[in-house]
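**Student:** Let me give you the structure first, and then I'll get to my questions.
The values are calculated or read from the model by the stated rules, or taken from the named source; none is laboratory data. Quantities reported herein were computed from a predicted structural model and do not represent experimental measurements. Cβ: placed from backbone, ideal geometry, glycine included. Neighbour counts: every protein chain shown. Ligands, DNA and RNA are stripped out before the accessible areas are found, and what is left, the full protein with its side chains, is counted by its heavy atoms. Shrake-Rupley method; radii C 1.70, N 1.55, O 1.52, S 1.80 Å.
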Amino acid sequence: MFRDHFHLPTGPDGKPLIYFCGNSLGLQARAVDDQLHQELGSWRERGVEGWWGGPDGGWLGYHRRLQDGLAAIVGAQPEEVVAANALTVNLHLLMISFFRPAGRRTKIIMESGAFPSDQHAIASQLKFHGLDPADHLIEVKPRVGETMIATDDIVAAIEAVGDELALVLWTGVQYYTGQFFALASIAAAGRRVGAVVGFDLAHAAGNVPLSLHEWRVDFAVWCNYKYLNGGPGAPGGIFVHQDHADRPDLPRFAGWWGHRESDRFAMKAEFIPERGAAGWQVSTVPVLGLAPLLATLPLFAEAGGMTAIRQRSMELTASLYEELQQLPDLRILTSDDPAQRGAQLSVYVPGHRPELERQLSEAGLIVDYRQDNYDGSGGGVLRLAPAPLYNTPEEVRAVPERLRQVL
Ligand SMILES: *Cc1c(COP(=O)(O)O)cnc(C)c1O
């Protein structure tokens, strides 16, 4: 199975730990070592000539070698995607281009409880335009007593803001609750009211199938180190719809790596963007940062692409759901409907347990836990994400026992 293509972290007894944290940092594929060593060798042996010489034709076109693989994962044309910069940086760069408040149309809509970095980026962008987030940022919440946000409520909120809505900035899979949103419906609703539609796919890319091109999403950003296993701090992903591929009129915070490739090295003062997402690159392509991703992306195709991976993922997560139901003290926050979740299940654990993450790690289970007083009763939320490429049904079945040991 694909598990054999990955290094699995081991405990003190040398046995593999149950690693359900691929939503936070995906594991290292075995092929990464060779790819990195190839680039290190090229640098060692060629120095600057590594840019245009070497085993794979040099680093100059490095971003192009990732485009097919990334495009397949997010449902895009190759020129619509690029790996560059980092997630939050890309959110800023894309908002500079696509969040253009004007006249009545000044508002942004997003889910409540979004990842803090996204909240910081959006609030600071609003302030940059002289707009107060208290008036211009609309957050859609779950209904009272519910944990998932109803699609109807999202669509109704978009329609209610209507011609005051500049940007729908929605998340693919919610990092905290695990909700997989009805992205096609959200994109369509945003377009109907004339807003720009942008998605943050940090927890969706490599987890669930996406069709960004077909949904006519204007832009999207994601990180490559979660389900895509690109390594700690790997450069981020950018999608810009083909409709905007040739839009030199769009304002952007430009840099030379986004300049038209054919004469980038002519060193002229005038900026002419490269076609497509590549035009949002800013600095020199981070070769060592992208080498792990280059080695890892082919595994997604070999595993049959996102439809096949999703099938396996749904089986693992459905089975995890059943296993967790055996633990009556826990409350599963993520939907029991497979269409409304990705790989991850989020589980409320009552009580003050500041040591829970470490205790579970000692019991051989690597998961994420936030002691954050979820509902005022002092409990916290455990997030478990079996990754379809390397986790197994046996590991899922072992989870209740490990949890019982510690709880
Ligand atoms: C992981 C994650 C981030 C992290 O952003 P970086 O810029 O890569 O540090 C931001 N937003 C969301 C929604 C995430 O899940």
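**Student:** Out of Arg192, Arg216, report the one residue that is surrounded by fewer than 24 Cβ atoms within 10 Å (Cβ to Cβ), more than 10 Å from the ligand (Cβ to nearest atom) and closer than 14 Å to Ala76 by Cβ.
**Tutor:** That would be Arg216, the only listed residue that is surrounded by fewer than 24 Cβ atoms within 10 Å (Cβ to Cβ), more than 10 Å from the ligand (Cβ to nearest atom) and closer than 14 Å to Ala76 by Cβ.
Here's the yes/no breakdown for (1) outside the structural domain of Pro209 (by TED's automatic domain parsing); (2) more than 16 Å from the ligand (Cβ to nearest atom); (3) among the aromatic types (Phe, Trp, Tyr):
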site	(1), (2), (3)
Met95	no, no, no
Phe99	no, yes, yes
Arg105	no, yes, no
Ala160	no, yes, no
Leu165	no, yes, no
Tyr175	no, no, yes
Ser185	no, yes, no
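**Student:** Would you check if Gln340 is touching a residue at least 60 places away in the same chain (Cβ under 8 Å) and in contact with a Gly (Cβ under 7 Å, 6 or more places away or on another chain)?
**Tutor:** no
**Student:** Of all residues in region 38-55, which are without any contact (Cβ under 8 Å) to a residue 12 or more places away in the chain and either within 27 Å of the chain's Cα centre (by Cα) or assigned to a loop (DSSP other than H, G, I, E, B) (or both)?
**Tutor:** Residues satisfying the conditions are Trp52, Gly53.
**Student:** Regarding region 258-276, can at least one residue be identified that is modelled with pLDDT of 95 or more, farther than 22 Å from Ala157 by Cβ and within 16 Å of the ligand (Cβ to nearest atom)?
**Tutor:** No, every residue in region 258-276 fails to be modelled with pLDDT of 95 or more, farther than 22 Å from Ala157 by Cβ and within 16 Å of the ligand (Cβ to nearest atom).
**Student:** Would you please list the contacts, defined by Cβ atoms under 7 Å and residues six or more apart or on different chains, that run from a residue in region 299-328 that is on the phi < 0 side of the Ramachandran plot to a residue that is of a type in the set (Ser, Thr, Tyr) and in a helix (DSSP H, G or I)?
**Tutor:** Taking only residues 6 or more apart or on different chains, not a single pair turns up.
Matching residues to (1) within 21 Å of Gly14 (Cα to Cα); (2) among the acidic types (Asp, Glu); (3) open to solvent by 10 Å² or more (accessible area, probe 1.4 Å); (4) not assigned by TED's automatic domain parsing to the domain that holds Thr147:
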{"position": "Ala339", "(1), (2), (3), (4)": "no, no, yes, yes"}
{"position": "Ala343", "(1), (2), (3), (4)": "no, no, no, yes"}
{"position": "Val349", "(1), (2), (3), (4)": "no, no, no, yes"}
{"position": "Gly376", "(1), (2), (3), (4)": "no, no, yes, yes"}
{"position": "Val381", "(1), (2), (3), (4)": "no, no, no, yes"}
{"position": "Ala385", "(1), (2), (3), (4)": "no, no, no, yes"}
{"position": "Val396", "(1), (2), (3), (4)": "yes, no, no, yes"}
{"position": "Val399", "(1), (2), (3), (4)": "yes, no, no, yes"}
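**Student:** List every residue pair whose Cβ atoms lie under 6 Å apart, where the two residues are 6 or more positions apart in sequence or sit on different chains, the first residue falls within region 195-211 and is under 16 Å from Gln340 (Cα atoms) and within 12 Å of the ligand (Cβ to nearest atom), and the second residue, located anywhere, is in a strand (DSSP E or B) and among the aromatic types (Phe, Trp, Tyr).
**Tutor:** Leu201/Trp222; Ala205/Trp222
**Student:** Take Asp132 and decide whether it is acidic (Asp, Glu) and open to solvent by less than 50 Å² (accessible area, probe 1.4 Å).
**Tutor:** So Asp132 fails the test.
**Student:** Same structure again: Residues in region 164-202 that are part of a strand (DSSP E or B) and among the small types (Gly, Ala, Ser): how many?
**Tutor:** Residues that pass the stated criteria total 2.
**Student:** Check Tyr369, Tyr390 and return the single one that is part of a loop (DSSP other than H, G, I, E, B) and either under 20 Å from Lys226 (Cα atoms) or not assigned by TED's automatic domain parsing to the domain that holds Ala205 (or both).
**Tutor:** Unique residue meeting the criteria: Tyr390.
**Student:** Okay, moving on. Can you confirm whether Leu345 is at pLDDT 95 or above, of a type outside the set (D, E, K, R) and more than 15 Å from Asn207 (Cα to Cα)?
**Tutor:** no
**Student:** Suppose we filter region 122-158 for residues that are part of a loop (DSSP other than H, G, I, E, B) and more than 16 Å from the ligand (Cβ to nearest atom); how many remain?
**Tutor:** Qualifying residue count for the region: 13.
**Student:** If you don't mind, another one. For region 108-121, what are the residues that are more than 11 Å from the ligand (Cβ to nearest atom) and crowded, with 20+ Cβ neighbours inside 10 Å?
**Tutor:** Scanning region 108-121 gives Ile108, Ile109.
**Student:** Please go through (1) assigned to a helix (DSSP H, G or I); (2) within 16 Å of the ligand (Cβ to nearest atom); (3) open to solvent by less than 10 Å² (accessible area, probe 1.4 Å); (4) not small (Gly, Ala, Ser) for Val82 and return the number of the only condition it doesn't satisfy.
**Tutor:** Going through (1) assigned to a helix (DSSP H, G or I); (2) within 16 Å of the ligand (Cβ to nearest atom); (3) open to solvent by less than 10 Å² (accessible area, probe 1.4 Å); (4) not small (Gly, Ala, Ser) one by one, Val82 breaks only (1).
**Student:** Being farther than 30 Å from Ala339 by Cα and in contact with a Ser or Thr (Cβ under 6 Å, 6 or more places away or on another chain) is true for just one of Trp257, Trp280. Which residue is that?
**Tutor:** Answer to the selection: Trp257.
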